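This report concerns only the one structure given below.
The values are calculated or read from the model by the stated rules, or taken from the named source; none is laboratory data. Predicted model, so just to flag it, every value in this text is computed and none were measured. Ideal geometry is used to build each Cβ from the backbone, glycine not excepted, and the neighbour counts take in all protein chains shown.
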Amino acid sequence: MIRRGTWEDVDAVVDLAVEAVSPHARGLHVCRDRIRDTITQILSDDRHFQVVAVDGGDVVGAMSAMVTPIFYAERCHASVLMFYTRVPGTGIEMIRAFARWIRENRAVRTASVAFEHGMDTRIQLIFERLGFQTRRMAVFQKG
């Protein structure tokens, strides 16, 4: 089941975020407090997006996005900060929820998702099927 994230989910979402980013940290310290602050900021403002995947009463996945103004327009951009699940099949439902939210949210003009190296390539195909263009972004990552 996919549902909107709540304050009761914060600890589980932080745990998922740490699990998600740790293999890709490349020597950086993964800061639980920074993650918690970000999730708190997302939950504190209805402009942002937070859903969780629940299986057997446990939070097993999460997708978080922050909305920021576009510098040249009166609309906004949504950046996915975290997308991770421990249970296969729940990810597609979170992606669908995100795509629906974008379509229904008149304030959001653009959205972006960074694909991690080594991710399941089917994830990119799901985004493409839902209308995302996945080949128009340049990314530089230090270290």
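Details
- Per the listing ARG86, ARG96, ARG103, ARG109, the residue uniquely among the charged types (D, E, K, R) and within 17 Å of VAL14 (Cα to Cα) is ARG86.
- Checking ASP46, ASP37, ASP33 one by one, the residue that is modelled with pLDDT of 90 or more, surrounded by fewer than 13 Cβ atoms within 10 Å (Cβ to Cβ) and in a loop (DSSP other than H, G, I, E, B) is ASP46 and no other.
- The set of residues in segment 108-125 being surrounded by 11 or more Cβ atoms within 10 Å (Cβ to Cβ) and under 15 Å from GLU93 (Cα atoms) consists of ILE123, GLN124, LEU125.
- Within segment 70-89, considering residues that are surrounded by fewer than 20 Cβ atoms within 10 Å (Cβ to Cβ) and among the β-branched types (Val, Ile, Thr), the one nearest to HIS24 (Cα to Cα): VAL80
- Check on ALA53, surrounded by 12 or more Cβ atoms within 10 Å (Cβ to Cβ) and part of a helix (DSSP H, G or I): no
- Qualifying residue in segment 56-69 (condition: exposed (fewer than 15 other Cβ atoms within 10 Å of the Cβ) and either farther than 15 Å from ILE2 by Cα or touching a helix residue (DSSP H, G or I) at 6+ places or on another chain (Cβ under 6 Å) (or both)): yes
- Odd one out for ALA62, checked against (1) out of contact with any Leu (no Cβ under 6 Å at 6 or more places or on another chain); (2) over 17 Å from PHE132 (Cα atoms): (1)
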